[in-house]
Amino acid sequence: MLDSNAELNEPGLEKALAQLHSVLIPGENLEAWATQRRIFALTRRRTLIAATSGRLIWLVRHLVSGFDVVNLRWQDLSEVNLRVGVFGAELVIRADQATDLAINAQPGSRVINIMGLRKEQAQAVYRICQAQDQAWREKRRIRELEELRARSGGVQIGPAATGVTAPGGASDAVRRLQEAKQMLDSKLITDSEYETIKARILAGS
C-alpha cells in the first residue's frame, strides 16, 4: 500500500516516512498515508496522517527537528468526513472518549481537522477509516445484543416452578422490553432478533 501513494522525490518526505515507520509497533502494518501539500504548510513542516492496521496516527513535525505523535484507536473513531476541493482535500475526524468497544461513550469527544492533503492520498486514508468505522459499529452492535440477551435470560413474569410470581418480575420485564424496543428503533437489532428477544422475555426463559 505504501508504494501506491508514495512521492518520495519530495524534499523531506522520505525522512518523514522514516519517522512514521519508527513509531509503528511490532505486527502493525501501514495501510495508507497522506501528507499536506507544501502550499498549506509555508510556515511550518507538513503534517503526515497515516492509517495502520490498529490506529490512526498524526505525525506533527517540528519546524527545526523532532516530531509529535498523536494516536487515535479505531474503536474510538466516531465519524470521518472527506472534503475534496480544487487545491487539496480535508479530513474531518471526530473521536469519542470511550471504552474498548465504545458501548458507552464518555463525555469529551474531540474533532481533528487536517486541511490541504493530497487528494488521492486523503481518499485512501478515508476509505480505511470508513471500513474500520463500519467494522467497529458491527462489533458494538453484536456486544450490545449479547448483553441484552444475557440480561433478558433470567426474567420471570409468569408463575415460577413453585407457582409464585417473582417479586418485581413484571416491572423488570417491561424495562427489558423497552430496552429491546430502543435497540430496534436504533437499528442495532433486526425485527426478527427483536421478536426472538421479546418472546424469551415474555416466556421468562
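Please treat every number below as a calculation from the coordinates, not as lab data. Please read these numbers as outputs of a predicted model, since none were measured by experiment. In this analysis, Cβ positions are derived from the backbone assuming ideal geometry, glycine residues included, and neighbour counts consider all displayed protein chains.
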FRET efficiency, D191 to A18 (Cβ-Cβ, R0 45 Å, nearest 0.05):
0.30
Given H placed 1.01 Å from N in the peptide plane, which residues other than close sequence neighbours of T47 have an amide H under 5 Å from its amide H?
Q36
To the nearest 0.05, what FRET efficiency results for L202 and E147 with a Förster distance of 22 Å applied to their C-beta separation?
0.70
